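Below: the structure, in structure tokens.
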Amino acid sequence: MSPGARGPAIALSGVTHRYGRTLALDGVDLTVPAGCMAGLIGPDGVGKSTLLGLAAGVTRIQSGTVAVLGGDIGDRGWRRQAGGRIAYMPQGLGRNLYPTLSIAENLDFFGRLFGQGATERAERIAELLAATGLSAFAARPAGKLSGGMKQKLGICAALIHDPDLVILDEPTTGIDPLSRCQFWELMVRLRERRPSMSVVVATAYMEEAERFDWLAAMNGGKVLATGSPADIRAQVGEPTLERAFVALLPEAERGQGGPLPDLPPAVHSGEPAIEATGLTRRFGDFVAVDHVNFRIERGEIFGFLGSNGCGKSTTMKMLTGLLPASEGEAKLFGAPLAGGDMATRKRVGYMSQAFSLYGELTVRQNLVLHAQLFEIADVEARVAEMEARFDLAEVADVRPESLPLGIRQRLQLAVAVIHRPEILILDEPTSGVDPVARDGFWRTLIELSRQDGVTIFLSTHFMNEAERCDRISLMHAGRVLAIGTPEALKRERGMDTLEEVFIAVLEEAGKNAGSSGSDEANVELKPRPAALAPVKRFDPGRLWATARREALEIARDPARLAFALIGPILLLFTFGYGISFDVENLPYAALDQDRSAQSRQLLESFEGSRYFETRAPITSSDELDKRLTSGELKLAIEIPPGFGRDLLRERQPEVGVWLDGSMPFRAETTRGYVQGIAQSYLTDAELRATGRASPLAPFTLEPRYRYNPSFKSVNAMVPNVIMLMLVLIPAIMSALGVVKEKETGSISNFQSTPVTKLEFLLGKQVPYVAIAFVSFLSMVVAARLVFEVPVKGSFATLALGSLVYVFATTAFGLLVSSFVKSQVAAIFATAIIAIVPAVNFSGLLTPVSSLSGGARLMGLAFPSAWYQQVSVGAFTKGLGFAQLWQDIAMVFALALVFLAGAMLALRKQGA
């Protein structure tokens, strides 16, 4: 369908959007036609992703109106209904996928999310996998796919519900030309199946934009031009879209303009800069690099091209010493490379594919840090030179995370060359960078090579960049397939473009390996009805889809599952055995300076007590001090000379008792034991002397301990430790489950689909509630079998209270995760906020009834204080539902409060 044949797919009017002080969109008015392939082109950071996010409903509208599929996307009701008709694929390889789930499981999740039954879901998955050539890899985890396969899976996930509008944010950035070609062929076939479907794409590749029906060129948050590619080229009279786009930019932003300098490489004699012989790298049974051979002369620009996952980055890391070779040899300047050879490594500069500098430091601070690491003599002068050479002076005091990608890449290159290396190894340095920034980047590389004599070894997916290299190598599945100059390779194959050569070589290698991808185009795609079912306000199926997917992810992560199940048991043993309030077997010794019958009788009173353990006698006051200081003794008794004589004469002699007061609770308890033994000794002495014992009071106290008659602290410790474990670990686990999606980008699936906040949160919570309850059962078994602490009350009541309690603690984790943005912050925030009230204000150390003011309010506002009554009551007091139902009800009420707070804090739309 031609553009404009019916109403617009997207219409923006007066849209302005800011991120802090940064203006992303500046009063944009734009109408994107429906039923066609529409594209957004422009430099990095001009607002393309923001515009697509607004259209997909994942970004909140700040100013202006955005109409999508005929309705106001700012209206919550329309946004919910439109969610079932829109597919959104965010920027980044596999950002909408779940790495631990297989291809089939990922698609099954998205099918369930859109309410498809088992039969329909299986049919659509089989059809899409066949159409994309992924059928043979259905059981492979998404995290182990190449970039091209990830993007194919991403588009399958986006199209499984047959949307009316597909929004793709730079879907082919970072993937090789063959995968890009296959991706767009797939899109053409899918659109042929459903011609009414609208596709809006942001892309950094101008050759891709040439195939679109309609384009909008953007810069500085504004739209520069719209129309077909031919229309835009005609507006400025340029033969290519890339040159037309540059011509549309303000003159100050066009770069230096003109063709790049075509300077021949300098001729250097002697050993090559880089030489690889039989270079091989294995990861277990997987061969990433398979007997690679090549040599790069000094001052040469050598390009490394290959399919995603073919081993380019691994080869580069071996050449920098970051990875050891499993087999073969790598030489730099004729000398074998050794991992500990720092002198040789200082001659190499390396720039990784992903941004690897410090986001917390400014541009200048990053430069200074690396200058100091490489022990540069005049750091200040060299940093100033790098700022001027790479045009970084104006942003020197800005942190890299707020800069456009092109500037960040210039910074990485400046850091890589700050120590004047002789070899520069660059891993896809311009991936995702706009054409103007790429040209500026290449001018710098040519200058480094031709003027400074630096050998440059780089990987790229841009064919026009490969044309600028002196020589290139083509790599696939760990092997180098061809090496030569771009012109020689084209001439050898009889082809006009390097892209044709690349695709031909890789397809040939794929056929030789038995690839079945060539049958993709023969798959017949069945037509689907255009009308989509209305979206329900609440759908248990969507909740179950989220819960099932979360459970699968947990099951695929043994470390996380072990932490959730084994961690509480280990901590129960640690607390049960390691923490005890029982004061027994206290080591003591005596300095008996009297050695009378009375002094021996006094010491025999201590020897007969289970609370004390006799050690070798003390012989002097200095020895007494030394043994107390060393910790050998907790108690020392000093009996003065004449003790027995004075006692018989009723002169009230004094006995010195020295206590280790480093632990006040233990010392105070010991003091009570000593006073009790002393009183018993005096009573016995009077009985022996007079034949009768005079009572100290007209009545006798006989203490009887209820609930814990043996007075063992383990009987009180175990129920309280269970309370602690069920708040700490489940809360952390649930908090990580949500914030992990924020970090990986899969949170966009929640934002761009009809899933409601309640469905999402409950779906995330259910698996952790189940795991925590299993953990509770294991701790109850351990309490009975290991610590011999039985449940004296109603186990059913304890189980119900525990189930409600873990529902509350996991809801608390969800509440915390709704505010934080990183997993590290989630762990610390959840642990600190949960453990403080659980330990100090729950009744573990001090009864809640004796607390006052803020401490009491904090205790009552957290579920641990209420569940502590349930746990201790069921374990030690023999209580049941009739006595504990109010505590359980309060825990449930707090769970609802936490869940409601998480729903309010969690944003369905980003800023």
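General observations
- Among the residues of the stretch 564-601, just one is assigned to a helix (DSSP H, G or I), of a type in the set (Phe, Trp, Tyr) and surrounded by 17 or more Cβ atoms within 10 Å (Cβ to Cβ), namely 575.
- Taking the criterion of being crowded, with 20+ Cβ neighbours inside 10 Å and not acidic (Asp, Glu), the residues of the stretch 289-307 that qualify are 289, 292, 296, 298, 299, 301, 302, 303, 304, 305, 306, 307.
- Just one residue in the set 839, 897 is in contact (Cβ under 8 Å) with a residue 12 or more places away in the chain, under 18 Å from residue 730 (Cα atoms) and of a type in the set (Val, Ile, Thr); that residue is 839.
- For the stretch 809-854, filtering for residues that are in a helix (DSSP H, G or I) and either surrounded by fewer than 23 Cβ atoms within 10 Å (Cβ to Cβ) or touching a strand residue (DSSP E or B) at 6+ places or on another chain (Cβ under 8 Å) (or both) leaves 19.
- Per-region count, the stretch 775-798, residues β-branched (Val, Ile, Thr) and either at positive phi or not in a helix (DSSP H, G or I) (or both): 3
- So residue 95, is it surrounded by fewer than 18 Cβ atoms within 10 Å (Cβ to Cβ), out of contact with any strand residue (DSSP E or B) (no Cβ under 7 Å at 6 or more places or on another chain) and under 21 Å from residue 746 (Cβ atoms): yes
- Residue match in the stretch 379-392 (condition: within 19 Å of residue 46 (Cα to Cα), acidic (Asp, Glu) and in contact with a Gly (Cβ under 9 Å, 6 or more places away or on another chain)): no
Residue-by-condition table, conditions (1) part of a helix (DSSP H, G or I); (2) crowded, with 23+ Cβ neighbours inside 10 Å; (3) at pLDDT 90 or above:
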site: 715; (1), (2), (3): yes, no, no
site: 718; (1), (2), (3): yes, yes, no
site: 730; (1), (2), (3): yes, yes, yes
site: 734; (1), (2), (3): yes, yes, yes
site: 743; (1), (2), (3): yes, no, no
site: 761; (1), (2), (3): yes, yes, yes
site: 766; (1), (2), (3): yes, no, yes
site: 773; (1), (2), (3): yes, no, yes
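- Take the conditions (1) outside any loop (DSSP other than H, G, I, E, B); (2) surrounded by fewer than 19 Cβ atoms within 10 Å (Cβ to Cβ); residue 398 misses just one of them, which is (1).
Let's see how each residue does on (1) modelled with pLDDT under 80; (2) part of a strand (DSSP E or B); (3) among the hydroxyl-bearing types (Ser, Thr, Tyr); (4) exposed (fewer than 13 other Cβ atoms within 10 Å of the Cβ):
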{"residue": "603", "(1), (2), (3), (4)": "no, no, no, no"}
{"residue": "606", "(1), (2), (3), (4)": "no, no, no, no"}
{"residue": "616", "(1), (2), (3), (4)": "no, no, no, yes"}
{"residue": "624", "(1), (2), (3), (4)": "no, no, no, no"}
{"residue": "652", "(1), (2), (3), (4)": "no, no, no, yes"}
{"residue": "658", "(1), (2), (3), (4)": "no, yes, no, no"}
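- For the stretch 804-824, the criterion of being aliphatic (A, V, I, L, M), assigned by TED's automatic domain parsing to the domain that holds residue 760 and modelled with pLDDT under 90 is met by at least one residue.
- Strands (runs of 3 or more DSSP E) wholly inside the stretch 162-245 containing at least 3 residues that are among the β-branched types (Val, Ile, Thr): 198-203
- Scan of the stretch 445-478 for residues that are surrounded by fewer than 17 Cβ atoms within 10 Å (Cβ to Cβ) and part of a strand (DSSP E or B), ordered by number: none
- Filter pass, residue 561 being under 30 Å from residue 772 (Cα atoms), assigned by TED's automatic domain parsing to the domain that holds residue 779, touching a residue at least 24 places away in the same chain (Cβ under 8 Å) and of a type in the set (A, V, I, L, M): yes
- Every condition in (1) closer than 18 Å to residue 587 by Cα; (2) in a helix (DSSP H, G or I); (3) among the hydrophobic types (A, V, I, L, M, F, W, C); (4) in contact with a helix residue (DSSP H, G or I) (Cβ under 9 Å, 6 or more places away or on another chain) is met by residue 647 except one, and the failing one is (1).
- Failed criterion for residue 325 (all others in (1) of a type in the set (Gly, Ala, Ser); (2) under 26 Å from residue 430 (Cβ atoms); (3) outside any strand (DSSP E or B); (4) under 33 Å from the mean Cα position of the chain (by Cα) hold): (2)
- Counted residues, the stretch 134-150 - those being touching a strand residue (DSSP E or B) at 6+ places or on another chain (Cβ under 8 Å) and in a helix (DSSP H, G or I): 1
To keep it simple, each residue is scored yes or no on (1) assigned by TED's automatic domain parsing to the domain that holds residue 469; (2) at pLDDT 85 or above.
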| site | (1), (2) |
| --- | --- |
| 229 | no, yes |
| 236 | no, yes |
| 241 | no, yes |
| 244 | no, yes |
| 248 | no, yes |
| 259 | no, no |
| 266 | no, no |
| 269 | no, no |
| 278 | yes, yes |
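The values are calculated or read from the model by the stated rules, or taken from the named source; none is laboratory data. None of the values given here were measured: they were computed from a predicted structure. Don't worry about glycine lacking a Cβ; one is built from the backbone with ideal geometry, like all the others, and counts go over all protein chains shown.
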